[in-house]
DNA sequence: CATTTACAATTGTATGACAAATCATAGTAA
DNA sequence: TTACTATGATTTGTCATACAATTGTAAATG
């Protein structure tokens, strides 16, 4: 992987991005002026401005003469950007955020499985199967549980052969990581989970879109139902 | 709305972004060096570099010493970025791209309708209703057909009260525009289309998630089926 | 032949100066 | 008073120049 701090500007982007996501700078707030950022980070205006431009490109801030640098409304944020997702992860994800992730996964993953059953190439099938093997090894502790799980979901997405679904790789990865953090699954994958994944794989391999869709849907619905319950309990107090 | 070319860097971002999307610079290709871009656009290195950083932030290019500026693999592109979507629209969208858009809409919109039925606020309902009125007016030629249509779909997305779904506003808007371009719907919305939208609205208003989901699903499936047929015809030749 | 060294090309960073935009204020005229 | 105007101050926008850091290529060296 690429180091995310290849240069000064990238480092500043990360620092500021994190601070925006964790709420140090809230929507509508002004960030320090270019001059102040220069002194704070002890860098030149060149680097500072490049950082500001990058955050602008990701939809987090706007920067205008005299008006300064401001955090824009969150509906403009590029929530599917890799960096933004990582900053979200570094923040303090709550149950509501987890639910938002799960709601979109419920929309995406079954359809992705269906598309995979229709459009997967030989190599795509192999990738999914490889991920399954990793998951099986993970149940024996021979491989990393979480990585294998993420691997499986991503290989299905890629098998859809739809660039938009593939671009959601980062989203799914972050969703899974947050999910892991909440469920505290420090141990191996359960047999039931593994079997559910095998089912999805089989339907994709046999080119049964509807069956693949249904299999993926069940998994997602169960997970979402759990979180919905947790939230209901939380709100009833 | 904000002019997208508030300053030099933004203009360059637009020019280069368009060229990447229309294939002038293909994946793996090198863009002109900073120095060359400066002379080509007749601007300073400052502006050039800021533009390069913005495109980097959108995942389109990478820029390294001695290696130059290169278009990175399309799986890293932020396809859900407003600008990127607009550049895609400016390119030459083909039937396959339209299908990719429709496939994701099929995943997103029914679930969005379901969520809207569960989580919509009073104001959200009003927004959807307002969009419906615009559509009715559009059938009489009293309002812009396409705008009203886009308005409806976006208001449903927003009613989901899920930031990730809301962020897909731009995606849906672009999808609809491409759809319009292909179907050549220069005239008014059909009565059937309008009725379908009314159905979705009613189910959302009555807080019937599953019914809202189904109603939205049917619309999407029909559209996708048409395009799948067109592609099948095309490929059989 | 392998290894090291030196060079060249390209981006990375810093600085200083001035331009342009825009908000706030004070001043001016009706 | 009120509305408009002029002015000034603040902040980002742009430019030019210089040098540092990175890295691929080729020459020199053992």
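The values are calculated or read from the model by the stated rules, or taken from the named source; none is laboratory data. Because the structure is predicted, anything quoted here is derived from the model rather than measured. All Cβ positions, even for glycine, are placed from backbone atoms using ideal geometry, and neighbour counts span all protein chains on display.
A few comments on the model shown:
- Residue B:41 meets the conditions (1) more than 10 Å from chain A (Cβ to nearest Cβ); (2) within 15 Å of DNA strand D (Cβ to nearest atom); (3) within 22 Å of the chain's Cα centre (by Cα) in every case but one. The failed one is (3).
- Any hit, the stretch A:84-101, residues being within 16 Å of DNA strand D (Cβ to nearest atom) and touching a residue at least 60 places away in the same chain (Cβ under 8 Å): no
- Breaking point among (1) surrounded by fewer than 20 Cβ atoms within 10 Å (Cβ to Cβ); (2) free of Cβ contacts under 8 Å to residues at least 40 places away in the same chain, for residue B:158: (1)
- Residue A:188 vs. criteria within 21 Å of the chain's Cα centre (by Cα), away from chain B (no Cβ under 14 Å) and modelled with pLDDT under 95: no
- The number of residues in the stretch B:46-64 being near DNA strand D (Cβ under 9 Å from one of its atoms) and surrounded by fewer than 24 Cβ atoms within 10 Å (Cβ to Cβ) comes to 3.
- Filter result for the condition that a residue is more than 13 Å from DNA strand D (Cβ to nearest atom), surrounded by fewer than 16 Cβ atoms within 10 Å (Cβ to Cβ) and within 14 Å of chain B (Cβ to nearest Cβ), over A:27, A:12: A:27
- Conditions (1) over 30 Å from residue B:232 (Cα atoms); (2) more than 16 Å from DNA strand C (Cβ to nearest atom); (3) crowded, with 22+ Cβ neighbours inside 10 Å; number of the one not met by residue B:129: (3)
- Selection within the stretch A:59-83 - more than 10 Å from chain B (Cβ to nearest Cβ), in contact with a strand residue (DSSP E or B) (Cβ under 7 Å, 6 or more places away or on another chain) and without any contact (Cβ under 8 Å) to a residue 40 or more places away in the chain: A:68, A:69
- Per this entry, residue A:42 is not counted among residues that are touching a residue at least 24 places away in the same chain (Cβ under 8 Å) and surrounded by fewer than 22 Cβ atoms within 10 Å (Cβ to Cβ).
- Counted residues, the stretch A:137-155 - those being part of a loop (DSSP other than H, G, I, E, B) and either without any contact (Cβ under 8 Å) to a residue 24 or more places away in the chain or on the phi > 0 side of the Ramachandran plot (or both): 4
- Residue B:139 at pLDDT below 95, more than 25 Å from residue B:90 (Cβ to Cβ) and surrounded by 20 or more Cβ atoms within 10 Å (Cβ to Cβ): no
- Taken together, the criteria place residue B:171 among residues that are within 14 Å of chain A (Cβ to nearest Cβ) and crowded, with 20+ Cβ neighbours inside 10 Å.
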